[in-house]
Amino acid sequence: MYMSDDNKPIGWWLKEVDRLLEASFEQLLAADGLTRRQWQALNAAAGPEPIAAAVAPFLAGDPAELAAVTDALTERGWLTGDTLTPDGRGALMALTTKVHEQRRRVTTGITDAEYAATIAVLRRMAQNLSA
């Protein structure tokens, strides 16, 4: 199995990329007074899945933790239950632009084929480990 010149295995790189992604998105969203989890909840409110289900993989399953995420959005007038308010839709549109710019930055120098191959390999590894 191939390992990089500095001999760091895939697990190390996965954790490093995850750490850097978390930090960069937290920093990006902090400028708007949001956490990454609040962004995920806001984004989830625009989709068909309930917010709790969409953010569950990122929370410890504690209802108080979910409430801490969604209550802040409700207080800003962006969310009512699982529904975006008109102000919430406007905020989501503006934030989505920023997030897409950040995602483009993350994938600079990576072709679409390389990205797709990376996702396919990681998906198979996850399937292998969950079997």
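The values are calculated or read from the model by the stated rules, or taken from the named source; none is laboratory data. All of these numbers come straight from a predicted model, not from anything done at the bench. No Cβ is skipped: glycine too gets one built from the backbone with ideal geometry, and neighbour counts run over all protein chains shown.
Quick grid of which residues meet (1) surrounded by 14 or more Cβ atoms within 10 Å (Cβ to Cβ); (2) modelled with pLDDT of 95 or more; (3) under 14 Å from the mean Cα position of the chain (by Cα):
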| site | (1), (2), (3) |
| --- | --- |
| Leu59 | yes, no, yes |
| Asp62 | no, no, no |
| Gly77 | no, yes, no |
| Asp82 | yes, no, no |
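With the range 1-95 as the region, which helices (runs of 4 or more DSSP H) entirely inside it contain at least 3 residues that are closer than 28 Å to Met125 by Cα, aromatic (Phe, Trp, Tyr) and out of contact with any Ser or Thr (no Cβ under 6 Å at 6 or more places or on another chain)?
10-30
For the range 106-131, what are the residues that are in a loop (DSSP other than H, G, I, E, B) and either surrounded by fewer than 10 Cβ atoms within 10 Å (Cβ to Cβ) or among the polar types (S, T, N, Q) (or both)?
Thr107, Thr108, Gly109, Thr111, Ala131
Report yes if Ala72 is more than 22 Å from Ile119 (Cα to Cα), without any contact (Cβ under 8 Å) to a residue 40 or more places away in the chain, among the hydrophobic types (A, V, I, L, M, F, W, C) and surrounded by 14 or more Cβ atoms within 10 Å (Cβ to Cβ), otherwise no.
Yes; evaluated as a whole, the condition is true for this residue.
What number goes with the only condition from (1) modelled with pLDDT of 95 or more; (2) under 23 Å from Glu26 (Cβ atoms) that Ala113 does not pass?
Just one mismatch for Ala113, condition (2).
Of Arg89, Arg103, which residue is surrounded by 10 or more Cβ atoms within 10 Å (Cβ to Cβ), within 20 Å of the chain's Cα centre (by Cα) and modelled with pLDDT of 95 or more?
None of the other options fit; the residue is Arg89.
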